[in-house]
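What follows is a single structure, written as structure tokens, with notes after it.
The values are calculated or read from the model by the stated rules, or taken from the named source; none is laboratory data. Being a predicted model, the structure only gives us computed values, none of them experimental. Note: ideal-geometry Cβ built from the backbone for every residue, glycine included; neighbour counts use all protein chains shown.
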Amino acid sequence: MAMSTYAPFLFEYWPQLLTLTVAYYIVTVILKVKNVNLQKSVVPKKKYISPDIQAEIKDEDDVDDTDFNFKSALPEDLAHVPLSSYKRYSEEVMLERSLEFYQDMNNRRTLRYYSSEPVPREVIENIIRTAGTAPSGAHTEPWTFVVLSDPDLKQRVRELIEEEEEINYTKRMGNQWTKDLQPLKTDWVKEYLTEAPYIILVFKQAYGYNDDGTKKNHYYNELSVAISAGLLMAAIQRAGLVTLTSTPLNCGPGIRTLLNRPNNEKLTLLLPVGYPAKDATVPNLTRKPLKEIMVWL
């Protein structure tokens, strides 16, 4: 049977149909090629990463704990008791206390020059106790405060830090970062590490252990430790001592090994603590006014 008999439409219009099919195919190919080229030409937005994060070498001793079996840190039947520690003050006393505390904290300065005069150990213990009152995720208290007073150990910590810091300043930190630090007159030489009577090293715990040896998650451990460090600094200032917040870039693993700390701990801050040297100086800095740091809505 002839095609004109059972498919008269196709027989009569096959040239036009063939042309349309070929044209559709060509247009489809062209659009695909243009789309690929367009995707190649679009430069993805680069996410900003601060220089301190870029310069940090990953801690090779970080442990992947996904295979560990974790247990809740708090009992399911935890008792709740009446609030007995709260004391309400009159508005006049509140204003007085808040202003006094602000003025005390506003006198706090970062100091790089220390007296070697000893500080009572009990004062340092009370300061650490205060830091330990900070809130933490699920009340896991993910912090360890290591206090160094032994001169030989402080010297070894200083040598380790200065060796790494020289590399940081000359190779890792970059021109802009080191330029920003020049007005503060800081470099990789850290005399205060051996001058101050104490060094407090603040470690965050990625996870912890229950009394039965099982592991427990430490939620928001970095944020919890940051809050605790703020209370630590406030307590140092309140006690009449001075300090400096040092973030020893890329020194954490070496210091952790030196101090025989476990792998679940990571060094976050190092603070020399003591009295200021008699000839101590500080940069002539000012703080932002309230209108630049607070928003009322």
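A few comments on the model shown:
- Test: K266 is part of a loop (DSSP other than H, G, I, E, B) and of a type in the set (D, E, K, R): no
- Scanning region 104-144 for residues that are in contact with a strand residue (DSSP E or B) (Cβ under 6 Å, 6 or more places away or on another chain) and among the basic types (K, R) yields a total of 0.
- Listed by first and then second residue, the pairs with beta-carbon distance under 7 Å, at least 6 apart or on different chains, first residue in region 142-165 and assigned by TED's automatic domain parsing to the domain that holds N221 and within 27 Å of S224 (Cα to Cα), second among the small types (G, A, S) and buried (at least 17 other Cβ atoms within 10 Å of the Cβ), are P142/S136; P142/G208; P142/S224; W143/S228; F145/A131.
- In region 216-227, the qualifying residues are those that are within 21 Å of P253 (Cβ to Cβ) and modelled with pLDDT under 95, and the one that is farthest from the chain's Cα centre (by Cα) is H218.
- For the condition surrounded by 11 or more Cβ atoms within 10 Å (Cβ to Cβ), part of a loop (DSSP other than H, G, I, E, B) and either among the hydroxyl-bearing types (S, T, Y) or out of contact with any Gly (no Cβ under 9 Å at 6 or more places or on another chain) (or both), R97 does not qualify.
- Count - residues of region 76-94 that are more than 23 Å from H139 (Cβ to Cβ), loosely packed, with under 10 Cβ neighbours inside 10 Å and hydroxyl-bearing (S, T, Y): 1
- Sole residue being over 23 Å from the mean Cα position of the chain (by Cα), surrounded by 19 or more Cβ atoms within 10 Å (Cβ to Cβ) and in the same structural domain as Y102 (by TED's automatic domain parsing), chosen from G240, G274: G274
- Annotation note: Cβ proximity below 9 Å between a residue of region 203-215 that is in the same structural domain as V146 (by TED's automatic domain parsing) and a residue that is part of a strand (DSSP E or B) and small (G, A, S) (sequence gap 6+ or interchain) occurs for K215/G208.
- Unmet criterion (only one of (1) among the small types (G, A, S); (2) at pLDDT 95 or above; (3) within 30 Å of T286 (Cβ to Cβ)) for G174: (2)
- Hey, T247 surrounded by fewer than 18 Cβ atoms within 10 Å (Cβ to Cβ) and not charged (D, E, K, R) or not: yes
- Only one of T245, T257 that is in the same structural domain as S116 (by TED's automatic domain parsing) and in contact (Cβ under 8 Å) with a residue 12 or more places away in the chain: T245
- Check on A138, at positive phi and of a type in the set (A, V, I, L, M): yes
- Residues that are touching a residue at least 60 places away in the same chain (Cβ under 8 Å) and surrounded by fewer than 17 Cβ atoms within 10 Å (Cβ to Cβ) within region 116-127 comprise S116, E117, P118, V123, N126, listed in sequence order.
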